[in-house]
């Protein structure tokens, strides 16, 4: 904690930005550092093989 402010140590990764937008807009979204959000521009549509082999 710096200046009595807690910062979660997490890297959030997803293939689509929508999930990350939901986390940022949620009640704890401001706790996470913006540079720890890593996301692609398109999702895999809940298809593991598509995400693994093509994205």
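Within segment 28-55, residues that are part of a helix (DSSP H, G or I) sit with their Cβ atoms under 9 Å from residues that are surrounded by fewer than 10 Cβ atoms within 10 Å (Cβ to Cβ), at 6+ positions apart or across chains, in these pairs: 31/5; 31/6; 36/9; 51/45. Across segment 18-39, the qualifying residues are those that are out of contact with any helix residue (DSSP H, G or I) (no Cβ under 6 Å at 6 or more places or on another chain) and within 12 Å of residue 8 (Cα to Cα), and the one among them that is surrounded by the most Cβ atoms within 10 Å (Cβ to Cβ) is 32.
Every read-out reported here was derived from the displayed coordinates using simple, explicitly stated rules and does not represent laboratory data. Keep in mind that this is a model prediction, so the values were computed, not measured. FYI the Cβ positions are ideal-geometry reconstructions off the backbone, even for glycines, and counts take in every protein chain you see.
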